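Read-outs throughout are calculated quantities, based only on the coordinates presented, and are distinct from any laboratory measurement. For clarity, every value in this text was computed on a predicted model and none was experimentally measured. In this analysis, Cβ positions are derived from the backbone assuming ideal geometry, glycine residues included, and neighbour counts consider all displayed protein chains.
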Amino acid sequence: MPRTRSRPDACPGAWRRHDAADGALARFRPVGGATTATELRLLAGAAASGGSPIELTSRGSWQVRGLAGTTADDLADALRSDRPDALVDLLGRDVPCSIIASPRSGAVDPVAGAVADGLRGRVDVPGRLLVAIEDWSAASSVRGGSERSRGTRVPLTPEGGAGGAGAGDVSGQGGDVTVVINGPSSGSPTPADPDEGLLDRATEHADRGSAALLLDGIDTGLRHADPAALALAAVDAFTAHRGSAWRVRELDDAARAAVLAALREVTTPGVGKTDAGPADPTRLGADGTTLEVLPRLGEVDLPTVMALLELMDRGATLRATPWRTLVLRDAPHDAVEHLTGLVETDPASRWRGVSACVGAPRCRKSLSDVRGDLASAVASGHVGGQVRQHWVGCGRACGTPGGRVAVIEAVPRTQETSGTYRTVVRSGKVNG
């Protein structure tokens, strides 16, 4: 829906904080969810000083609450690293918007890193923009490459995956720019050179297969062999024509047409159609050496951090997901037992698909202790199961995940209301 914004977005980041009721709130955007043991340890230490757990957001970011100004600055400074997927690079730059990626796929890691490298330091990219990099290549090899080449959607398992690395995961999270890797990807892609067109680089990257471009979850029909350059070109086209819009869905028809026209000049038309994946691709439990776990309400407390760090010291690598789970790649064989009682690992857990804003008393606008109310509802057996629910303390509906979700919204108690919450079915966040 076209929308005119009267101000820049105020999304918090590593250096720009939100003043919450419980202190400063800092947000750190991991590139494709990648988080090292050093970064996790620093985040947990800062969160503990503020009296809160680390929080996972609906965009796979880490959130630290209750910070003093100097503590927040010290944390951002300590996180500096020379890794392409660092939370903060050596120059002190975080990524201006969220970059999510298929958490089980190593093929997307260099792509996400190249996109991050091309975006760091840019001030024209709104913090609300969401870039997604998805790997469906493994699903093609498992289900049959001929189906994928014809544009047929690979069927999903009951757990929300197709048995492959990505198989339709981050493309269902409401991304503004989504690049889907359809074929095998090899090597480390490099970000687009501003003086070099995408088509000029086609031969160099031809061995990586075809990447499809979706804007606001809809296939544009545009393809290119270099997924990182394709994502950056889409961001460039959006920022050139966005006006005051923060999201692709806020563009009017003329601006959207201009974005597509700019992209057609540097891409080739594709064959078939690529659909967005499911809104909830959670696959809790172990799958070979990959383990996905669910911290309740996205809260990762200090004992959980210590257990994760021990597993990472033994070779596991960590990815945060936008459906508020953690994926451990190369997890030790006893990882499930190691995390028992700290996180949810059972696919039948009633906590699956249930999330909430922070609520009172940590948010001034909240009408209720949302997380306490939700925990009581789950414990009573009245909440949890197949229906995705996001509980919120006011109409702002902060933290609403992408895709269709039942938003359970707190309302003031009056003689006309029989309870303190009402249900609104939404497709992603509606208030910006």
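Express in nm, to one decimal, how much length is gained between Arg314 and Ser49 on full extension, taking 0.36 nm for each residue of separation and deducting their alpha carbon distance.
The span from Arg314 to Ser49 would gain 92.7 nm if fully extended.
Quick one: pull the percentage of alpha-carbon pairs in segment 282-380 with a separation above 22 Å.
Considering segment 282-380, 33 percent of its Cα-Cα pairs are separated by more than 22 Å.
Roughly what would the spin-label model give for Thr70 and Thr38, points 7 Å off Cα along C-beta, in nm?
Placing both labels 7 Å beyond Cα along the Cβ direction yields 2.5 nm.
Please report Ile100, Ile218, Ile181, Ile408 as a ranked list, fewest other C-beta atoms within 10 angstrom at the top and most at the bottom.
If I rank by nearby Cβ atoms, fewest first, I get Ile218, Ile408, Ile181, Ile100.
Per 0.36 nm of contour for each residue apart, how much would the distance between Arg83 and Thr420 grow if the chain were fully extended, relative to their Cα-Cα spacing?
Roughly 116.6 nm would be gained on extension.
Could you tell me which of rounded, prolate or oblate describes segment 354-427, using a ≥ b ≥ c as the square roots of the eigenvalues of the alpha-carbon gyration tensor, with rounded for a/c under 1.5 and, failing that, prolate when a/b is larger than b/c and oblate otherwise?
Rounded, since a/c falls under 1.5.
Given H placed 1.01 Å from N in the peptide plane, which residues other than close sequence neighbours of His224 have an amide H under 5 Å from its amide H?
Ala211
What FRET efficiency, computed as 1/(1 + (r/R0)^6) with R0 = 60 Å and r the Cβ-Cβ distance, is obtained for Val271 and Ser376, rounded to the nearest 0.05?
Computed FRET efficiency for Val271 and Ser376: 0.70.
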